[in-house]
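Input: a single structure, listed below in C-alpha cells.
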Amino acid sequence: MRTTVFLGGGRITAALLAGLRRSKYRGPLLVHDHHLENLRQIRRLYGASTERDLHRAVEKAGILVIAVRPSSVSGLLCEIGQIGHPVIAVSLAAGIQLASLRNALGPRVRWARAMPSPACRSGHGLTALVFDRGFPAAGKREVKALFARVGPVLEIPERKFDAFTVTYSCSHGYHALATLANQAEKLGLDRRTALTAAAHALADGIVAWREGSIRLEALLREAATPGGIASATQEAARRAGYPRAVAAGLAAGMKQSRKNAKLA
C-alpha cells in the first residue's frame, strides 16, 4: 500500500487518523506539520509517523492530502514546487476548485477534492469526492477505499460541491442539539435529561428515517398530529423564522466558499 501523507496536522487530519485507526487501517500514514506539539499529539494518540521537513514528506507520498486552511493552500503549493514522481493529491480545502489546483505541482500529479466530516473519527463520517478530468480509474478506487474506511462516500459533480459542503456539516446538528437542550433546561429539565431528550429528537428520529422505508413527509405527518404538541411546536418555530434562519446560514456558507475560491 502506498503511503498517505497529510500536509497539516490539525483537527480534520486528527479526525481522519482516529477513524482510520478505529477501522484498523494498516496502510502507512505520515503527517507533516510545522508545529512540534501537533506532531507529538499525532504520534501519541494515533501512532502515525511524522515528518517536520515538507519536501521529505512529499517525497514519500503516494497519496498526498492537502489538509490546511484555504488561505494557506497557495503558499503551501508554491513551497512544494514540482513533484517528480506520480502522486494522487487530494485537497480538503473548502471552496478551492480543481481548475486552481491541477497545474500547481506538475504533470505527474492527479488531483481530487474531498470533503470529509469530523464525524469520521467514530466511523460515521460522510465524504464527498470529486475527481479531475483524466483521473485514473485505479486511483479513484484507491481514494474511495481510503475514505470509505471512515464512513460513506459520495462522488458528486464539482458544481455541487459547495452546496454539499454548507449542508452536510455536523455543526448544524451540534448547534440544533445545543439550542434545543438549552431551551429545555429553561423549561425545568436538568442538563443531562435535556441533552438526552434533545439528542433523541434529532439523532434517533433521523436514524429511523435513514434505516427505514418511510418517506420524510410521511414521518413529519406522523410525528406532528394536528392539534397536538409537536404540531404546535413546529408551527411556532416556522412562524418565528426557522426556515429563514437556515436559509440565511446556508447562503452565508456559500458566500464564504466563493471567497475561498478567490484565494487560490
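The residues neighbouring I12, those whose beta-carbon lies less than 12 Å from its own, together hold a net charge of +3 under the Lys/Arg +1, Asp/Glu -1 convention.
Fully extending the segment from H34 to A247, taken as 0.36 nm per residue of separation minus the present Cα-Cα distance, adds 72.9 nm. Distance between the pseudo-spin-label points of H85 and R238 (7 Å out from Cα toward the beta carbon): 6.0 nm.
The trypsin sites (Lys or Arg not before Pro) of the range 129-162 that meet both conditions, a loop assignment by DSSP and at most 12 other Cβ atoms within 10 Å of the site Cβ, are R133.
Only helical DSSP H runs with n ≥ 4 go in: add -39500 (n - 2.57) per run for the chain, normalise by residue count and round the 222 nm mean residue ellipticity to 500 deg cm²/dmol. Intermediate values should be presented prior to the final figure.
Working: 12 runs with 132 residues, N = 264.
Calculated mean residue ellipticity at 222 nm is -15000 deg cm²/dmol.
Is the shape of the range 170-261 best called rounded, prolate or oblate, per the rule: a/c under 1.5 gives rounded, else a/b larger than b/c gives prolate, else oblate, with a ≥ b ≥ c the square roots of the Cα gyration tensor eigenvalues? Taking the square roots of the gyration eigenvalues as a ≥ b ≥ c, the range 170-261 is prolate.
Just want to confirm a number: the relative contact order over the range 170-261, from Cα pairs under 8 angstrom separated by 6+ residues, in percent.
Relative contact order, the range 170-261: 14 percent.
Rounded to the nearest 20, the size of the Cβ-charge dipole of the range 87-215 about its Cα centre is 440 debye, with Lys and Arg at +1 and Asp and Glu at -1.
Charge dipole (Cα centre; +1 on Lys/Arg Cβ, -1 on Asp/Glu Cβ; no other charges) of the chain amounts to roughly 420 debye. Counting other Cβ atoms within 10 Å as a rough exposure proxy, the listed residues M115, M254, M1 run M1, M254, M115 from fewest neighbours to most. A straight Cα-to-Cα reach below 25 Å connects K255 with the lysines K160, residues fewer than 8 places away in its own chain not being considered. In the list (1) 15.0; (2) 13.9; (3) 16.4, the label attached to mean projected area of the Cα convex hull in nm² as derived from the coordinates here is (3).
Here's the list of lysines a cross-link from K60 could span, going by alpha-carbon distance under 24 Å and ignoring same-chain residues fewer than 8 apart: K24, K140, K144. From the alpha carbon centroid of the range 180-228 to that of the range 87-158 is 34 Å.
May I ask for the net charge around P28, where only other residues with Cβ less than 9 Å from the Cβ of P28 are counted and Lys, Arg are +1 while Asp, Glu are -1?
Working: positive: R2, R26, K60; negative: none.
The answer is +3.
Taking the Cα centre of the range 1-111 as origin and assigning +1 to Lys and Arg Cβ atoms and -1 to Asp and Glu Cβ atoms, the resulting dipole is close to 480 debye.
Residues E185, E51 in ascending order of nearby Cβ atoms (within 10 Å, fewest first): E185, E51. Note on the chain: with a GNM built from Cα contacts shorter than 10 Å, the maximum mean-square fluctuation among S49, S231, S23 falls on S231.
Taking the number of other C-beta atoms within 10 Å as the exposure measure, put C170, C120, C78 in order starting with the fewest. Numbers along the way, then the final one.
Working: C170 13, C120 24, C78 10.
Going from sparsest to densest Cβ surroundings: C78, C170, C120.
At full extension, R221 and R11 could sit 71.7 nm farther apart than now, given 0.36 nm per residue minus the alpha carbon distance.
We did not get these values from a lab; they are worked out from the coordinates using the rules stated. This one's a predicted model, so the numbers in the text were calculated from it and none came from an experiment. Quick reminder, even Gly has a Cβ in these numbers, built from the backbone with ideal geometry, and neighbours come from all protein chains shown.
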